[in-house]
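Below is one structure, written out as structure tokens, with a few remarks after it.
No value in this document is a laboratory result; all are computed from the given coordinates. These numbers were taken from a predicted model, which means no experiment stands behind them. FYI the Cβ positions are ideal-geometry reconstructions off the backbone, even for glycines, and counts take in every protein chain you see.
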Amino acid sequence: MCPGEQLPAGRDRPRVVRRPSASVPGLLAFLAATLVAGACGDADLAPTPSPSTPTTVSFAQPAIVPPSLVTGLDTRVEESFGPGRVTFATLPVIPGAEAFTAEIQQAVDADFARFEADTAPADDPPYPELLVGWDLVAASPRVLGARLITTELGAAGDDGRVQTTWYDAEAGTALPSSALLADENAPELADRLRRAGAADPRIDADALEQQLAAGDFDALAFTSSGQLLVEFDQGAVAAEGLGPVALAVDPEGLLSVFGQSASLAATAPSDPALAPPPPTATTRPAVTADSDVDCSVQRCVALTFDDGPVAGTADLLDVLADKGVPATFFVVGSNAQAQPDLLARMVAEGHVVGNHTQDHPDLTKLDAEQVRDQIEQVNDTVAAATGVRPTLLRPPYGATSPTVADVAAAAGMAQVLWNVDPEDWKDRDSAVVQQRVLSSTDDGDIVLSHDIHETTREAYAAIIDGLVANGYTLVTVPQLLGEIEPGQVYRGR
Ligand code: ZN
């Protein structure tokens, strides 16, 4: 939620308002709040009037650093599907800050292990689901900070956790949130949190007291105006329906020397430039134009790539350029925000960029507002980077519903599934992926793959050669389908 936006009062599952026209109630409320906070203005708590509802003030949000500020930043995606459970995690990978990445990876691994231990697989969809996303909350040549947001969407309802990992770039060491604090000031922090909690009727004083007694603050960050932000897991100090919540306090006298550097890196971020910049990708000439293709007479196949982009996607773009064939990329918003140059390159080279949602949730578990938010955030990111607004939606896991169809239709988007699946996420073996695609692809098919996997990227030179040798023309999804109807589901011809 943006600072200053409104929660209608008197609801047990409040609506989190991202912007005047879109709100995200319930399950992913805090996720949506997290991922849009970077778009907000400077004020931390300035209320703005809402035309239709009584107003309360939103919880404070951390300052978010645009990931594209950090030279060489890449994202790692870890996913699994089944049996009976699904997981999807993204995490930042910053070259030159290996201990930082390793610490974040460890936190994600712990989330996965806890989810597997605590969550029984389901026989039928919707499956219990674990989502892990991230924000950069500080960046400078001295300090990095990242916030991991973990959401479980299970049979027993949703659960949300947040934790923040810090990095001392000069020492090359990862640090917990507590490193921001000068130890002797912990009682003073508790007093300030008590006062901040008492001023907010949504905070349960007894629950807060328990958290203060435990004294284990693992999610410290800063607001854009430099207040120290203490975030609590869902249900820890406020109603479950509010998601993770935060209290902001004056940091005067509370911060360690590292904490003071961290505050600067949060409020006035700069490129840490910890590694030499990767070679600038040269944009290659656009491949096949629409006018060159007529799928009513040619045997057409559309290659599609999901879940990126990651830095390695550039290698796949090189292969596609070398072979002169276009593809369709269904991007995840959180990855797309970190790679605007790759999005621009895709469009410049004749590929189509479609929408694979902001956080990769099973959309059938969400209500219409949440689905809309998951879609529109990505459309905004892609439009800003490329000038082209996506018209194709690929729902994660291919899971769709009448609600998803309605929202897609209203957004002018068709739903694009697939009919060839080499299961490249499961078998990380280029030869296996190649064999499966070549043996099962036919005229009019849509092939699903994932550009986040190196084994997949490496398989595609040979796959393209094989398909072309078999007489297929490789096209984008719009070229394959021709006229498409918003809301409609397409799985190939
Ligand atoms: Zn996916």
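Odds and ends about this structure:
- The stretch 261-370, Cα convex hull volume normalised per residue, Å³: 170 Å³
- The separation of the stretch 146-167 from the stretch 353-397, counted between C-alpha centres, amounts to 21 Å.
- Kirkwood hydrodynamic radius of the stretch 330-403, Cα pairs, Å: 12.2 Å
- Helix 257-267 axis, angle to the chain major axis (alpha carbon atoms, nearest 10°): 50 degrees
- Karplus (6.51, -1.76, 1.60) ³J(HN,Hα), θ = phi - 60°, over the stretch 146-154, in Hz, Gly and Pro reported as x: 9, 10, 9, 10, 10, 10, 10, 10, x
- Tilt relative to the chain, helix 98-118 - C-alpha long axis, 0 to 90 degrees, to 10: 90 degrees
- Remark on the stretch 300-490: ratio of C-alpha radius of gyration to 2.2 N^0.38 Å is 0.95.
- Rounded to the nearest 10 degrees, the angle from helix 205-214 to the longest Cα principal axis of the chain is 80 degrees.
- FRET efficiency for the pair ASP429 and ASP367, taken as 1/(1 + (r/R0)^6) with r the Cβ-Cβ distance and R0 = 41 Å, rounds to 0.55.
- Other residues whose C-beta falls under 9 angstrom from the C-beta of ASP159 contribute a net charge of -3, scoring Lys and Arg +1 and Asp and Glu -1.
- Summing charges over neighbours of PHE329, with a neighbour being any other residue whose Cβ is under 13 Å away from its Cβ, gives -1 when K and R count +1 and D and E count -1.
- Distance between the stretch 417-479 and the stretch 293-332 - C-alpha centres, whole angstrom: 10 Å
- Computed over the alpha-carbon atoms, the chain gives an Rg to Rh ratio of 0.98, Rh here being the Kirkwood radius from the mean inverse distance.
- Cleavage-rule hits (GluC sites (Glu not before Pro)) in the stretch 156-221: DSSP loop, at most 16 neighbouring Cβ within 10 angstrom: GLU170
- Quarter of Cα convex hull surface for the stretch 377-493, i.e. mean projection, nm²: 7.9 nm²
- Spread over its residues, the convex hull of the C-alpha atoms of the stretch 34-267 is 138 Å³ per residue.
- All-pairs Cα distance distribution in the stretch 102-143, expressed in whole percent, bin size 5 Å: 5, 16, 20, 19, 14, 11, 7, 4, 3, 1
- Over all directions, the projected convex hull of the C-alpha atoms in the stretch 382-429 averages 4.9 nm² in area.
- Here the stretch 218-257 is treated as a Stokes sphere of Kirkwood radius computed over C-alpha pairs; at 4 °C and 1.567 mPa s its diffusion coefficient rounds to 119 µm²/s.
- Taking the helices alone, the chain has a mean residue ellipticity at 222 nm of -9500 deg cm²/dmol, built from -39,500 (n - 2.57) per DSSP H run of at least 4 residues and averaged over all its residues.
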